[in-house]
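Okay, structure first, notes after.
The values are calculated or read from the model by the stated rules, or taken from the named source; none is laboratory data. What you see is a predicted model, and the numbers here were worked out from it, not measured in a lab. Positions of Cβ are generated from backbone atoms using ideal geometry, with glycine treated the same way; all protein chains shown enter the neighbour counts. SASA here: full protein model, heavy atoms, side chains in, ligands and nucleic acids out. Shrake-Rupley method; radii C 1.70, N 1.55, O 1.52, S 1.80 Å.
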Amino acid sequence: MTQAWKKWAGCALTLGMALVVGACAAENEPAGAAREASGTEAGQSEAGETQFRMFASDFNNSYPATAAKDYPEIQYMAEQTGITVDLVLIPHGQYHDQLRIKFASNDIPDVYQSWSIADSEPVQNGLALELNELLDEYGPNLKARIPQSSWDAVTINGKIMAIPAPPNANAPAERILYVRKDWMEKLGLEAPTTSDELLEVLRAFKNGDPNGNGEADEIAFSGREKISWMDNIFGMWGINPNAYAQHEGQIVPGFIHPNTKQALAFLHTMYDEGLLDSEFMTNTGTIWKQKILSGKVGMFNHNQTLGGSWFRDLRDALPEEEVELMAIPTPQGTGYDGPVGRVEQPLGKVFILFKQSANAAAVIKLYDWLVTDEGNFFAAYGFEGQALTREGDQLFYEIGKEKDYQSAWRKPIFDIIDLEQVDGQITTDEVLQAHSRQGIEVSLQEGIPNPVAAMPVPPTLVSQSDLGWEGSLFQEAAAKIIVGDEPLEHYDEFVATWMRQGGDKVIREATDWYEANVQSDGA
Amino acid sequence: MHATKAAAATASRSRQRSPGSAGWQYFVRHHPFYVMLVPGIVYFLVMKYMPLLGTVIAFKDYNIFKGILASEWVGLQWFHQLFTYPKFLRLLENTLLISLYQIVFAFPAPIVLALLMNELRMMTVKRIVQTLVYLPHFLSWTIVAGLVYMLLSTQTGLLNGLYVSWTGNAPIELLQSADSIRTIIVSSGIWKEVGWGTIIFLAALTGIDPSLYEAARIDGAGRWRQFLSVTLPGLLPAIMVLLLLKLGNVMDLGFEQIYPFINPLNAEKGDVFDTYTYVAGIKGGQYSFTTAVGLFKSVVGFLVLVLANKASKAATGEGLY
């Protein structure tokens, strides 16, 4: 009897364990559902509120380790609007990869943040919600306050496919050249206006020992891996490799436009003379930033609104040098007289809603509140007593303090427009402000028109990623030409190979889209 | 509990029906063990075999929003695309060559290290060395890539710095050069995994019967002779099993090991199927195509494994199955 009992006890135990394992595996779903349900209940008990689920990048900011609905910012917005955002923050560096994985496992939110509708799979697959009617009903402020150029960039055949956020500071040429002004002054240099003058400035940086340590360790110009963050060097000849360009009536990828050859020749000269960071092919963002902040880099290419924060970081990193930083207009490339700089991006970000969303109206309502004076003030500056402080009747805001309160994630996701009447209430550090403003001024004076901002990725580029600007064909050809493993003529060979492997289809698809969606509207 | 009772009832009933079946009686007598087996079987079915069904997307035009079932069948289109891919031969050559270098240089490394450590007589030294050499195993590849950068960078690299200060020459470009990429991949792999690899061989070494050594010593064998006639033959089964498993993975180099080192200047000699799958699959969203690549790799690996197993059985009598 005892024998039998033991045996049965063993069985029961095993079975019990199996059940526990099974239960654990199954728990995810009911728990998730329960959480959502309880969230809704809690919300309803407060103010009959609604909620929606949203995926967004964390933009490399830290955030509290609690559920999003417990963030004070989310709670404040819920108090103001009756809408709770079930926000899912995804690491910035893996944002697109993680999104794909979530969508593939059928984890579909009500809305997600992106940078353009052009590469949005939901939009291409007809799963994105058309917003025209919802905006008419719930989004009067959105319609009034977001500029038309931004709406145009998210509109396909009259259908608005996303809530657009205009580019930062409404300056669509979002990348500019920054230069160490103190180095230029020390060496008695003027801001370059042509590519040849630029070369002279870089040569002086390299050989004139502007950092004064007696060694020629200066990096005159630094870029990053994938030939990125050198856009304004290419931009001296009116093209960016990672954007499209018009050439002989066709829409071609920037790196196929013949002017690329001149830019590559220029970069080769830079590399050859040691003016270009010799590690430009391996520099990650972190290493690149470290090099700049260690005071070795004379010139670099970055976003138009970051002049203030770059200056602050440099000043803090190099207290014994009298650092001065300024933005310079993109010089004019030799033999080229068209527009220069960065190909304009009429969008900073977009928010794409799914057709199946039951809470679409709530999304529109919340974002409509976020572009009101009151909503935008909160989105831009957060709670008083944190990064925003009051002295007498003046309000001070210090963006660097946001991270002390783990609130820096708020701004990039919810602060979608710049309003003068809002920003005018704030007194900021005037020196930093002046640096940011100078960069924006420079950016507003230049830029290359972008007729195909809303164009989806041509299908051939989707199936043959090699043909893209990050693809191996261009990257390898360009890298070899720049370091001199191949002569400049290799570029023609590359273009021929690119065409043969399917590039001609890319050009045709892009041109067809342009003719059907842009030219027909204009004509 | 209900299920168990019901099963027991069925069991007793069928026992009445076929009292003569010896196999059934054996099963009934030892049924607790079979019940204990169930979680393991369920685990393998759910975690290992069910995902295999997903391989069908290699023959479909998989769209993440349509799901596996609703996506269209496209036959062998993706395999055709793979074999006509202009860089297919380059990927194959790089994959096989790096794999070959790994088998020639990286595979014997832990064996040699284990044999050397086996000859150590001071236990403390052996323990310390063993712990130190297997620590790098716990670093991620991203960190290893960072360390390699800190060693080899032309601007800040330690090794390049020493080279420049000793010889006065210009620093050697290793990270942006196609000629050095394979060496970097294989040698950083050895550094990271050699210590960890010794564990299994050290375990096999302790399994060798000490009386064999005694017998050899009585017969007058020196250290070298003992090594050749006792240690090495004793280690051979473990070596063969691991070599066969390695051969089965001849096409899998591990994406995370190689990707951090690849840039356009060395891609022509460092690009392999795993990095290409990542770029096309995760970055380009071509799930079907990359599944086809994965399936192709697995089939090749499987064939190599079967052939190598046969060869090994014929030559040494050792095999996996």
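Each residue of segment A:162-172 was assigned a 3J(HN,Hα) from its phi angle through the Karplus curve 6.51 cos²θ - 1.76 cosθ + 1.60 (θ = phi - 60°); the sequence is 6, 7, x, 10, x, x, 3, 6, 6, 10, x Hz, with glycine and proline shown as x. Placing unit charges on the Cβ atoms of the charged side chains and taking the dipole of chain A about its Cα centre, the candidate lying farthest along the positive direction among A:L467, A:F300, A:V431 is A:L467. Which shape class, rounded, prolate or oblate, goes with chain B when its Cα gyration tensor gives a ≥ b ≥ c as root eigenvalues, a/c under 1.5 marks rounded, and past that a/b bigger than b/c marks prolate? The shape class here is oblate. The lysines within cross-link reach of A:K365, meaning a Cα-to-Cα straight distance under 22 Å and a gap of 8 or more places when in the same chain, are A:K69, A:K143, A:K159, A:K349, A:K355, A:K411.
Diagonalising the gyration tensor over the Cα atoms of segment B:50-99 and scaling each eigenvalue by 5 before taking the square root yields semi-axes of 27, 14, 8 Å, largest first.
Shown here is the pair-distance distribution of segment A:366-523: with all Cα-Cα distances grouped in 5 Å bins from zero up to the longest one, the shares run 1, 7, 11, 11, 10, 9, 10, 10, 10, 10, 6, 2, 1, 0 percent.
With a 1.4 Å probe on protein heavy atoms only, work out how much accessible surface A and B bury together, total over both chains, in Å² to the nearest 100. Walk me through the numbers on the way to the answer.
Numbers: alone 24300 and 19720 Å², together 40640 Å².
Chain pair A/B: roughly 3400 Å² of buried accessible area.
Close amide-amide hydrogen proximity is noted between A:I448 and A:R342, A:V343, A:E344, each under 5 Å apart and 5 or more residues distant or on a separate chain (H modeled in the peptide plane; Pro and chain starts excluded). Largest GNM mean-square fluctuation across B:Q130, B:Q257, B:Q102, computed for chain B with C-alpha springs under 10 Å, falls on B:Q130.
When both bridge partners sit in chain A, DSSP labels roughly 60% of those beta bridges antiparallel. Compared with the dominant principal axis of the Cα atoms in chain A, helix A:360-370 is inclined by about 50°. Within the straight-line cut-off of under 13 Å between alpha carbons, the aspartates and glutamates reachable from A:K206 are A:E215, A:D217, A:E218, A:D272, A:E273, A:D277, sequence neighbours fewer than 8 places apart in one chain being disregarded.
Remark on A:T84: its backbone amide H falls under 5 Å from those of A:T50, A:Q51, A:F52, a criterion applied only to residues 5 or more positions apart or on other chains, H modelled at 1.01 Å from N. Karplus-based coupling profile of segment A:245-252, in residue order and whole Hz: 9, 9, 8, 6, x, 10, 9, 10, with θ = phi - 60° in 6.51 cos²θ - 1.76 cosθ + 1.60 and x standing for Gly or Pro. Taking amide hydrogens as placed 1.01 Å from N in the peptide plane, the amide H of A:H247 sits under 5 Å from those of A:V252, each at least 5 positions away in sequence or on another chain.
Mean residue ellipticity at 222 nm from the helices of chain A, using -39,500 (n - 2.57) per DSSP H segment of n ≥ 4 over the full residue count, to the nearest 500 deg cm²/dmol?
Mean residue ellipticity, 222 nm, calculated: -13000 deg cm²/dmol.
Rg and Dmax of segment B:238-321, both derived from C-alpha coordinates alone, stand at 15.7, 46 Å. Taking each of A:K102/A:K296; A:K181/A:K261; A:K226/B:K48; A:K102/A:K226 in turn, the alpha-carbon distance tops 32 angstrom for A:K102/A:K296; A:K226/B:K48. For B:K192, the lysines whose Cα falls under 23 Å of its own Cα, not counting residues fewer than eight places away in the same chain, are B:K126, B:K246, B:K269.
Relative to one another, the C-alpha centroids of segment A:404-432 and segment B:157-207 are positioned 48 Å apart.
With a Förster radius of 51 Å, plug the Cβ-Cβ distance of B:V56 and B:L116 into 1/(1 + (r/R0)^6) and report the FRET value to the nearest 0.05. List each step's numbers first, then the result.
Numbers: r = 49 Å, r/R0 = 0.96.
It comes out at approximately 0.55.
Translational diffusion of chain A, estimated by Stokes-Einstein from the Kirkwood radius over alpha carbon pairs at 10 °C in a medium of 1.306 mPa s, is 62 µm² per second.
Computed from the Cβ-Cβ distance with R0 of 60 Å, the FRET efficiency linking B:F302 to A:K401 stands at 0.55.
Remark: segment A:408-418, residue by residue, has Karplus-estimated 3J(HN,Hα) of 5, 5, 4, 4, x, 8, 10, 8, 9, 9, 9 Hz, where x stands for each Gly or Pro and the curve is 6.51 cos²θ - 1.76 cosθ + 1.60 at θ = phi - 60°.
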